[in-house]
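Down below is the structure, laid out as structure tokens.
Just so you know, all these numbers are worked out from the coordinates, no wet-lab data involved. It should be emphasised that the depicted structure is a prediction, and the values quoted were computed from it without experimental measurement. Here the Cβ is made from the backbone with ideal geometry for all residues, glycine too, and neighbour counts use every protein chain on show.
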Amino acid sequence: MTTAPVLVTGGAGFIGSHLCEALINRGHRVLCIDNLLTGNLDNLAEFWDHPNFEFQQHDVINPLSVDVSAIYNLACPASPIDYQKDPIHTLQTCIQGAINMLELARLNRAPILQASTSEVYGDPEQHPQVEGYWGNVNPIGPRACYDEGKRAAETLFYDYHRTHHVDTRVIRIFNTYGPRMKADDGRVVSNFITSALRGEPLTIYGDGTQTRSFCYVDDLVRLIMACMDCDVRHESPINAGNPEEYTMMELATLVMDLVDRDCSVVHLALPVDDPKKRRPDISNAKKILNWEPRVGVREGLFRTKNYFQQATEKPIQTQSFKSAKVELEVAHA
Ligand code: NAD
Ligand code: UDP
């Protein structure tokens, strides 16, 4: 009897596509579901034809009935401009999506991992952030659809664990970057690199003294898999990030240096509720998962810059061809 596939929701996105690829490379059968809101079939091009890979277009706010052996729940837009476009759908994705995937885990007796976020800490009053910190979130601001949605999803994961004994794992991801980020997702790393490559001014929101800690995508994917492999029932969520902390001014200088261009910077208004600082305490990831980041920020940014450089050089991928293939498969289903 063949084992049921592992399910990756949001698998056509930036992090999800790397996770699908790593799971296939480990010999898993992977079922990727995605509504293609912010994801892109081009992200799946390298393993699209792999016999252990299957794609279904599906929105997690609707129930799903499939046999699966494990679930990685990543479906949700991650960039502030993307998640604020349709805030109600973002909340539905976080909450109804979590319920649907937890029900699927319950019925399949499958372990399930939730991609939560450092946004649950809001604008933190504790630094660095430890998992025991409850956060400082504005529940009615423009970021709340995501922050509160992800907080409610965490609650659901712990309630399904307590009520239905579902094997749940929650990780809180800090700002992650790398190849397959969308050039136009409005995030700081993609904005700085693409502007620097074009020789345009780098846009710094506010005075640029706010800090973030940046994790390279390969490191994050290793943590995600280690967390699913781990037998320890997690008492608490686990911070997933690289504690190297930079101000946005420092990041701008680093990017200009890597691209070898002396661009100017322009200061624009700071978005509402923009957190002032972010740095994960990763003691739990080290202790429980024996994990720590391996790719430093300079090296990671260099690889990401190369990706954006190559992506602008190569012709637009055949999105319409792949979409046609999906439609065909849906029609035959
Ligand atoms: P992404 O936007 O590239 O990927 C999200 C994927 O989910 C996309 O492919 C999108 O089409 C899909 N999706 C969105 N809503 C959906 C829905 N209702 N049904 C089905 N699919 C849906 O973002 P990412 O950076 O790859 O983030 C992946 C996960 O990690 C998200 O849950 C995000 O909240 C979390 N996360 C990411 C970061 C980061 O820095 N990238 C930080 C914290 C948390
Ligand atoms: N930011 C910036 N210039 C940009 C894009 C973002 O200065 O072109 C700032 C943004 O205000 C925030 C930080 O960079 O303080 C990180 O933003 P991002 O959207 O990458 O992630 P998040 O705020 O969700 O951590």
Subject >> Under Karplus coefficients 6.51, -1.76 and 1.60, residue-wise ³J(HN,Hα) of the range 218-225 in Hz, glycine/proline x >> reply: 4, 5, 4, 4, 4, 5, 4, 5
**OP:** Just flag the GluC sites (Glu not before Pro) in the range 145-251 sitting in loop per DSSP whose Cβ has no more than 14 other Cβ atoms within 10 Å.
**Re:** E235
Subject >> Candidates per trypsin sites (Lys or Arg not before Pro) in the range 160-233, loop by DSSP, up to 12 other Cβ within 10 Å >> reply: R233
Subject >> Listed residue (G122, T93, Y83) projecting farthest to the positive dipole end of the range 63-157, Cβ model >> reply: T93
**OP:** Return the long-range amide H neighbours of C215 (sequence gap of 5 or more, or a different chain), with a cut-off of under 5 Å between placed amide H atoms.
**Re:** T176, Y177, N242
Original post:
Mean separation of Cα pairs under 8 Å and 6+ residues apart, divided by the residue count of the range 162-227: what relative contact order is that in percent?
Top reply: 41 percent
Original post:
Quick one: putting +1 on the C-beta of Lys and Arg, -1 on the C-beta of Asp and Glu, what dipole do you get for the chain around its Cα centre, in Debye to the nearest 20?
Top reply: 360 debye
Original post:
Where Lys and Arg each count +1 and Asp and Glu each count -1, what net charge lies around R143 among other residues with Cβ under 15 Å from its Cβ?
Top reply: -1
Subject >> Whole-number percent relative contact order across the range 1-118, with pairs defined as alpha carbons under 8 Å at least 6 apart >> reply: 28 percent
**OP:** Count charges around H89 for me, please; just the other residues with Cβ under 14 Å from its Cβ, Lys/Arg as +1, Asp/Glu as -1.
**Re:** -2
**OP:** Return the loop-located chymotrypsin sites (Phe, Trp or Tyr not before Pro) in the range 128-190 (DSSP other than H, G, I, E, B) with at most 13 other Cβ atoms within 10 Å of their own Cβ; answer none if there are none.
**Re:** W134
Original post:
Around I71, which amide H atoms from residues at least 5 apart in sequence, or from another chain, sit under 5 Å from its own amide H, with H modelled in the peptide plane?
Top reply: L7, I112, L113
Original post:
Given H placed 1.01 Å from N in the peptide plane, which residues other than close sequence neighbours of I238 have an amide H under 5 Å from its amide H?
Top reply: V170, I171, R172
Subject >> the range 209-308, relative contact order in percent, only Cα pairs under 8 angstrom and at least six apart counted >> reply: 46 percent
Original post:
So how strong a dipole does the range 1-90 carry about its Cα centre when Lys and Arg Cβ are +1 and Asp and Glu Cβ are -1, to the nearest 20 debye?
Top reply: 220 debye
Subject >> FRET efficiency for T3 and T203, using Cβ-Cβ distance with R0 set to 45 Å, rounded to 0.05 >> reply: 0.40
Original post:
Between I224, I24, I173, which gets the highest mean-square fluctuation from a Gaussian network model of the chain, Cα cutoff 10 Å?
Top reply: I24
Original post:
Mind checking the dipole of the range 177-270: about its Cα centre, +1 per Lys or Arg Cβ, -1 per Asp or Glu Cβ, Debye to the nearest 20?
Top reply: 280 debye
Original post:
Put a dot 7 Å past each Cα toward the Cβ at R294 and E313; how far apart are the dots in nm?
Top reply: 2.6 nm
